[in-house]
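Please read the structure below before turning to the comments.
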Amino acid sequence: MSPKLILNAILLLAGVFSASSSLAADAVKEEIVVYSARKEELIKPIFDQFTKETGIAVKFLSDDAPKLIARLESEGVASPADLLITVDVANLTIAKDKGLFAPVKSTVLEKNVPAIYRDKDSQWFALSKRVRAIFYNKEKVKPEDLSTYEDLASARWKGEILTRSSAHPYNQSLLANIVAVHGAKNAQKWADGFVANLARKPQGGDSDQLKAVAAGEAKLAIANSYYYGRMMTSDLPEDKLVAQKVGIFFPNQKAGKGDLTGAHVNISGGGILKTSKNVKNAQKLLEFLSGDHAQNIYAAANKEFPVNPLVKADAVLAAWGPFKNEGTNLSVWATHSKDATRIADKAGWK
C-alpha cells in the first residue's frame with residue numbers, strides 16, 4: 001500500500017474514533033442519576049417510561065431518606081446525583097435546610113403542583129399525597145362518634161388509641177401541623193392528652209396499628225391512608241380481613257373554631273440537587289413525575305392520592321369519598337418539626 005493510501009486510512013480511522021468518542025460523550029449527557037427513598041418496584045416503571053419517551057436513561061440508588069441525605073452531604077460537589085426523591089415533607093425540609101437543593105423555575109411544575117404542595121422557594125415539589133387519617137374498629141366505633149384530631153385528646157378515648165413512635169416523620173409532621181395552627185402551648189396540651197389516651201406504648205409501623213385495631217386491641221389508630229388502601233387490594237387474606245374490620249375517617253371536615261380546617265395531608269416529593277451536572281434533564285424528569293402517566297402509577301401502585309389536580313384518584317381511594325385537606329402550606333408547618341419533637345418528648349410520646 002502506498003504511503004498516501006496508508007495516510008488516508010489513518011485519517012479515516014481517526015475520524016471514526018473521534019465520532020465514537022463524541023457519541024459516547026453525548027450518551028453520558030443523556031443520563032441522569034436519582035437518589036430515591038421510594039421503593040424500586042414503584043419508581044422503576046415510571047423511570048422506564050420516561051426513558052422510553054425521552055431517550056434519557058435514569059440510574060437510581062434506593063435507600064432510606066436519612067441515609068441518602070447523609071450520603072449527599074458526604075459526597076459534596078463530587079456527588080453524581082441529579083435528583084433526590086423522598087417521602088414526607090420533613091425529609092424534604094431537612095434536605096433543603098442542609099443546602100442540598102437548587103431552586104427550579106418551571107411553568108410545568110407550577111401548573112401540575114398546587115402552590116400549597118410546593119416549597120415556597122421552589123426547591124422541592126410534591127409528587128403524591130397521603131392523608132394521616134383516623135382508623136376505627138367498625139364493631140366498636142361509629143363514624144359519627146369521630147370528629148377531629150383535637151378530639152383525640154379527649155378523656156373519652158382514654159386507653160383506646162394506637163400510633164407509632166413520635167420519632168417517625170409521619171407523626172412529627174402531624175404534630176408540626178398542629179403547632180402551626182394552634183401554637184406550641186396548645187399543641188403541648190393536645191399532645192399531653194393524646195399520650196394519656198394511648199392503649200399501649202407506641203410500637204411498629206402504620207400497618208401494625210391497623211392490624212391491632214382490627215384485633216380489638218384498641219378502638220382507634222392514626223395511620224397514613226395508603227396503608228389501608230394496600231390492605232384493601234392485597235393478595236393476602238389476612239390483610240383483606242383487616243381492611244374489612246377497620247374503617248377510615250377523614251378528620252376535621254366540619255371543624256369548629258380554632259380546629260384544624262381539614263385532614264392533615266403529607267406528601268412524597270423531590271428536588272433538583274445543587275450539585276447536579278445535568279439540570280436540564282433532571283428538570284425534565286421532575287416535570288414528568290408531576291404529569292399524568294407518573295401520577296396514575298403512584299395512585300394505582302401505592303394507593304396514594306395524585307398531587308396533580310387534573311389526575312383522578314384510584315377507584316379504591318375515590319370510593320372513600322371526597323374530603324377537605326388542611327389548608328396551611330406544607331413548607332410553612334414543616335418549619336415546626338423541631339418544636340414537634342420537643343413537645344412529643346415532653347409529653348412522653350416516645
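The values are calculated or read from the model by the stated rules, or taken from the named source; none is laboratory data. Being a predicted model, the structure only gives us computed values, none of them experimental. Please note: Cβ atoms are built from the backbone with ideal geometry, for glycine as well, and neighbour counts cover all protein chains shown.
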Next on the checklist: Going by what's in this entry, would VAL141 be described as among the aliphatic types (A, V, I, L, M) and closer than 30 Å to VAL104 by Cβ?
Outcome noted: no
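Per-residue answers, yes or no, for (1) in a strand (DSSP E or B); (2) surrounded by fewer than 21 Cβ atoms within 10 Å (Cβ to Cβ); (3) not small (Gly, Ala, Ser):
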site: ALA221; (1), (2), (3): yes, no, no
site: MET231; (1), (2), (3): no, no, yes
site: VAL242; (1), (2), (3): no, no, yes
site: GLN253; (1), (2), (3): no, yes, yes
site: LEU260; (1), (2), (3): no, no, yes
site: GLY269; (1), (2), (3): yes, no, no
site: LYS277; (1), (2), (3): no, yes, yes
Item to check | Odd one out for GLU73 among (1) buried (at least 20 other Cβ atoms within 10 Å of the Cβ); (2) farther than 20 Å from LEU289 by Cβ | outcome: (1)
Checklist outcome for this item: Condition set of a type in the set (Gly, Ala, Ser) and surrounded by 14 or more Cβ atoms within 10 Å (Cβ to Cβ), scope region 100-121, selection nearest to the chain's Cα centre (by Cα): answer is ALA102
Checklist outcome for this item: Checked region 62-94 for anything in contact with a helix residue (DSSP H, G or I) (Cβ under 6 Å, 6 or more places away or on another chain), of a type in the set (Gly, Ala, Ser) and part of a loop (DSSP other than H, G, I, E, B); matches are SER79
Next on the checklist: Checking the conditions here, which among THR341, THR275, THR335 is β-branched (Val, Ile, Thr), assigned by TED's automatic domain parsing to the domain that holds ALA65 and within 30 Å of GLU75 (Cα to Cα)?
Outcome noted: THR275
Checklist entry - Within region 303-350, which residues are among the charged types (D, E, K, R) and out of contact with any strand residue (DSSP E or B) (no Cβ under 9 Å at 6 or more places or on another chain)? => result LYS338, ASP339, ARG342, ASP345, LYS346, LYS350
Checklist outcome for this item: A careful count of residues in region 95-115 that are in a helix (DSSP H, G or I), out of contact with any strand residue (DSSP E or B) (no Cβ under 8 Å at 6 or more places or on another chain) and free of Cβ contacts under 8 Å to residues at least 40 places away in the same chain gives 3
Checklist entry - Does any residue of region 21-39 turn out to be modelled with pLDDT of 85 or more, part of a helix (DSSP H, G or I) and within 30 Å of PRO169 (Cβ to Cβ)? => result no
